[in-house]
Structures are given as C-alpha cells and as structure tokens.
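The values are calculated or read from the model by the stated rules, or taken from the named source; none is laboratory data. Fair warning: this is a prediction, and the values are worked out from it, not measured in the lab. Quick reminder, even Gly has a Cβ in these numbers, built from the backbone with ideal geometry, and neighbours come from all protein chains shown. Each accessible area value is taken on the protein alone, full model and side chains, heavy atoms only, with ligands, DNA and RNA left out. Shrake-Rupley method; radii C 1.70, N 1.55, O 1.52, S 1.80 Å.
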Amino acid sequence: MLIATLAAIAWIGALQAPAGRIDGRVIGVDARPAAGVRVILGEIGRATLHYNRPEAMLVATPGIPDAERARWSAELRTDAEGRFAATGLAPGEYSLLAADETRGIELGSLRVGAEPARVELALRAPAFLEAEITGMPFDPQSDVIQLDALGTGSNVQINPTLVQPRGQWSFRSAPLPQGPTWRVRGTSVVRPQGFPATKFALTIALQPGERRRIELDLGRGLAVAGSVVDAAGRPLPCVSVVARASGAGEPERGAVTDAQGRYQIRGLAAGPTVLEASRWSMRSLAGCGTGPRDVSALRELVLPLESSALADIRIDDLLGAPAVGDPAPAFSVPTLDGGTIELGALRGKVVLIDFWATWCGMCRMEMPRLVETYARLSAGGRFEVVGVSVDKDVDLVPRFVASRGLLWKQTALGPASENAIARLYNVNSTPATVLVDASGRIAALNLTGEELVRKIDELLRP
C-alpha cells in the first residue's frame with residue numbers, strides 16, 4: 001500500500017499544489033523589448049514543444065485532459081513592452097520557446113515553484129539553409145527529405161518546415177533556431193515493409209543569422225555495387241544498404257536492393273567506408289517506429305574496391321524476435337538510480353518490460369494507466385515493471401521520470417538501434433510491451449490499455 005499511497009500523493013499534490021506563475025520578457029537582437037512575439041512553454045514531463053516555423057509552433061500534451069492542459073502548458077504573445085505571463089501552472093521544470101519570423105528565436109528553461117519565476121529571453125537572429133540536391137531521382141510518392149536538430153537536450157522537438165520544388169530533393173528551410181547541429185536526411189519508404197530507407201544524409205553546423213546554401217550532386221564520386229543474399233544464395237530484396245565514411249557525423253549514401261537483391265550506391269569518397277545492411281518489417285500496431293528487423297550486417301571496406309565482389313553481403317541467419325511462450329531473454333543493466341536491474345532476479349513475479357520514449361505521444365497517453373496499475377498491484381510483491389527508454393537524449397530521461405512520478409525501475413541505454421535490451425527483444429518502436437509470467441516465459445507481446453491490464457490481472461490470479 002505504500003507505493004499506491006505515494007503515487008496518489010504525487011498526483012494529487014501536483015493538482016493541489018499552489019499555482020505557479022512565470023513572468024517573462026522578450027528582447028530583440030537590438031536589446032529592445034520585442035512586442036508581438038509568440039511564446040510557447042511546457043512542463044518537461046507532460047508537454048512537448050513543437051517548432052516548425054515561428055507562426056506554426058505549438059505545445060502538445062498527450063494523455064492530459066483538456067481541462068488540465070493550462071496547468072502544464074501555455075501559448076502566448078508578448079505585449080507592447082515585450083512581456084508575457086503564464087499563471088496557474090503546476091510545479092515543475094519548464095521549457096520555453098520564443099520565435100518571430102524575422103526578429104529571431106530563443107530557447108530557455110526554468111523551474112516553477114510556489115514563488116513567481118522570472119525569465120528573460122533574448123532573441124538571436126535565425127539561420128536559414130538552402131540546398132540544391134541533384135543526381136538522384138525523386139519520387140514524391142515515397143521520398144521524403146528531413147532536417148533534424150541534433151542535441152537539443154529538452155522537450156523541444158524541432159522539425160522545421162521545408163519548401164521543396166516539385167519533384168526535387170532540393171529545399172529551402174524555415175527560420176532555424178541557434179544552437180543545434182542539423183542533419184539533412186533523404187529517405188524513401190520501402191514497400192511492402194513500410195520502413196524509411198536512407199538515400200543520403202549529411203551534418204551541417206550553422207551560426208546565428210547565417211544563410212547557408214549547399215550544392216550536392218549525388219551522382220558524382222565513387223560507386224559501389226553488389227548484392228545481398230541469404231545463406232542459400234537467394235536474393236534478399238527490400239534491404240537498405242547504407243555506406244558511410246568512418247567517423248561520427250560523416251556523410252551517408254544509400255540504396256535499396258531490388259528483386260534480385262542488387263544495389264548500387266553512388267557519390268562516395270575514397271577511403272575507409274562501412275556498409276550497413278538492414279531490413280525491417282511493418283509495425284502491426286499504432287505507434288512510432290518500425291517492426292522487427294530481420295536483416296542486420298556490417299561490412300568494412302576501403303574505396304575504391306580492389307574487387308567488386310567485396311561489396312556483396314551474405315546474411316547467414318535472418319534475425320527473429322522472441323515469441324509468446326519463449327523464455328524471456330535475460331539481461332542485467334544499470335538503472336537511472338545507480339543500481340542494477342536483472343531480469344533473472346525477478347523470477348516468481350509477473351514482469352512488464354515497457355519500451356517507451358519521452359517523445360512518444362502514445363507512451364505518454366499510456367502512463368497514467370500504468371502508474372495506476374503499478375500502484376494497485378506492486379505492493380503485493382508479485383508484480384514488477386521495468387521501464388526501457390529508447391531516447392537518444394538519455395540525460396532528459398531521469399528528469400522526465402521524476403516529473404511524471406514513475407516509481408518503477410528505469411533504464412536509459414540510448415535509441416533502439418543501440419539499446420542492448422531493445423536489440424535483445426528486437427524492438428524498434430514505441431510503445432512496445434513484453435509481459436513475462438512468473439516462470440520467466442513471455443506471456444504476451446505489445447498489449448496496451450485495458451487489454452494489458454486484464455492480462456496482468458489474469459497472470460496474477462491464484
């Protein structure tokens with residue numbers, strides 16, 4: 001009953017705590033008050049700030065009733081003196097974003113408590129990126145170009161609007177905030193698998209106020225051509241093959257194998273290169289990400305190749321995923337609180353392995369029900385939850401967990417592609433759940449909502 005009481009106190013306390021207030025001011029690059037600037041803010045565990053462009057940014061609060069949204073978020077505009085105020089806020093850690101189409105953008109954060117919190121946001125000139133990308137056909141039915149911010153380190157999701165000429169990879173970006181490094185990535189949806197395969201990617205650093213134009217010809221440079229086959233020599237179609245120079249952040253070029261398992265990648269530079277072959281299946285449930293991966297291989301090369309056969313990739317064993325009735329693969333990993341969680345040590349209990357991410361809206365919507373279920377069942381000593389975050393920003397996870405009042409053991413081992421537990425269970429999407437019975441076998445996979453609660457109750461029944 002202690003855990004149930006603690007969970008109830010945490011939730012009720014958040015609702016009944018004295019209302020917090022933020023008093024803020026926005027100043028422009030000229031150090032004068034900036035009137036009419038849009039400002040959005042949100043508590044780190046319950047709201048995500050989405051930036052597309054200054055007039056198209058919003059706050060999302062998945063799983064929070066409409067009547068409670070104002071306690072965790074606000075969307076405002078500064079007055080004639082550049083000031084803004086948000087009242088009635090619940091205690092917590094808040095991110096803020098102020099943006100104007102021409103005057104600039106700034107991110108900030110602060111903690112809200114019983115006393116009014118004060119903040120000043122100084123706009124910095126936006127950056128702009130324009131790219132002319134040629135040398136590769138563009139299919140508007142399946143091809144997508146993304147501009148992703150790397151290392152923002154908060155609950156701010158930056159996905160700037162891109163203006164693309166019809167039928168081309170080229171683009172012009174919306175105003176970009178200062179700070180992040182940008183990853184330009186072109187992908188193509190592989191059918192029928194439904195996963196996005198990388199066609200090219202490169203990393204770009206921009207300075208505040210910089211207007212950068214890049215020209216990229218994907219048809220120039222060295223080429224690599226080969227085939228991907230299984231152990232019997234049969235061709236493997238729909239496999240994504242990506243070539244990247246050695247070193248983090250280096251440019252990438254990619255292709256997808258055809259019906260004969262063949263691929264060709266152009267636009268490569270001489271030197272050490274890594275080929276990575278991957279294939280995923282379609283995710284069967286709603287959520288973020290893909291289904292299980294059945295092809296995974298790495299090949300190290302030096303370009304130009306001495307023999308074209310060096311680019312051929314043989315997959316001796318297709319990857320599988322644990323199934324219902326299988327023994328749950330064992331693991332022992334560090335937890336956020338500095339301890340260790342070992343699945344084998346939980347034998348005799350019903351264990352829910354919950355794969356989630358701070359940016360996953362469906363995960364957030366599931367959290368209140370899971371908090372309630374854990375509070376109701378864990379006190380008896382027969383039920384446990386192991387949270388497995390697949391966030392890239394592992395530093396955000398403990399702050400999010402504390403804000404949400406998640407009382408079970410949590411791990412944060414990086415994104416699914418690098419996460420030891422996610423790879424063990426072949427999980428590449430969220431939310432994903434693995435329910436393990438008291439004998440250590442998998443009793444159910446990917447249940448959510450009331451269906452998951454009913455199955456847990458069934459397994460705990462004498």
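General observations
- Scanning the stretch 80-125 for residues that are of a type outside the set (A, V, I, L, M), touching a helix residue (DSSP H, G or I) at 6+ places or on another chain (Cβ under 8 Å) and either surrounded by 19 or more Cβ atoms within 10 Å (Cβ to Cβ) or assigned to a strand (DSSP E or B) (or both) yields Gly88, Gly92, Glu93, Asp100.
- Taking first residues from the stretch 346-375 that are at positive phi and of a type in the set (Gly, Ala, Ser) and partners that are open to solvent by 20 Å² or more (accessible area, probe 1.4 Å) and not in a strand (DSSP E or B), the Cβ contacts under 6 Å between residues at least 6 apart in sequence or on separate chains come to Gly348/Ala438.
- Applying the set (1) open to solvent by 60 Å² or more (accessible area, probe 1.4 Å); (2) in contact (Cβ under 8 Å) with a residue 12 or more places away in the chain; (3) not small (Gly, Ala, Ser) to Val386 leaves exactly one unmet item: (1).
- Residue in the stretch 130-143 that is touching a strand residue (DSSP E or B) at 6+ places or on another chain (Cβ under 8 Å) and under 27 Å from Thr358 (Cβ atoms) present: no
- Those residues of the stretch 231-249 which are more than 13 Å from Val274 (Cβ to Cβ), of a type outside the set (D, E, K, R) and modelled with pLDDT of 95 or more, in sequence order: Ala231, Ala232, Gly233, Pro235, Leu236, Pro237, Cys238, Val239, Ser240
- Against the criterion of being free of Cβ contacts under 8 Å to residues at least 12 places away in the same chain and over 30 Å from Ala31 (Cα atoms), Gln146 does not qualify.
- Options Glu68, Glu115; residue that is acidic (Asp, Glu) and under 26 Å from the mean Cα position of the chain (by Cα): Glu68
- Scanning the stretch 146-164 for residues that are under 11 Å from Ala131 (Cβ atoms) and outside any strand (DSSP E or B) yields a single hit, Gln164.
- Options Leu447, Leu424, Leu377, Leu452; residue that is under 26 Å from the mean Cα position of the chain (by Cα) and buried (at least 21 other Cβ atoms within 10 Å of the Cβ): Leu452
- Cross-chain or 6+ apart pairs with Cβ under 7 Å, the stretch 293-315 first and farther than 17 Å from Arg423 by Cα, then charged (D, E, K, R): Ile313/Arg299; Ile315/Asp230
- All positions within the stretch 252-282 that are touching a residue at least 40 places away in the same chain (Cβ under 8 Å) and open to solvent by 60 Å² or more (accessible area, probe 1.4 Å): Gln264, Arg266, Ala269, Ala270, Met282
- If the condition is being open to solvent by 50 Å² or more (accessible area, probe 1.4 Å), within 30 Å of Glu306 (Cβ to Cβ) and free of Cβ contacts under 8 Å to residues at least 40 places away in the same chain, then the stretch 191-243 contributes Ala232, Arg234, Pro235.
- Subset of the stretch 162-190 that is of a type in the set (Val, Ile, Thr) and over 21 Å from Leu150 (Cα atoms) - its residue that is least open to solvent (accessible area, probe 1.4 Å): Val190
- Residue satisfying all of: in the stretch 283-318; at pLDDT below 90 and aliphatic (A, V, I, L, M); surrounded by the fewest Cβ atoms within 10 Å (Cβ to Cβ) among these: Ala286
- Here Ala122, Ala90 are screened, and the one residue that is modelled with pLDDT of 95 or more, closer than 30 Å to Arg399 by Cα and in contact with a strand residue (DSSP E or B) (Cβ under 6 Å, 6 or more places away or on another chain) is Ala122.
- Candidate set: the stretch 126-137, residues that are of a type outside the set (Ser, Thr, Tyr) and open to solvent by 40 Å² or more (accessible area, probe 1.4 Å); chosen: the one farthest from the chain's Cα centre (by Cα): Gly135
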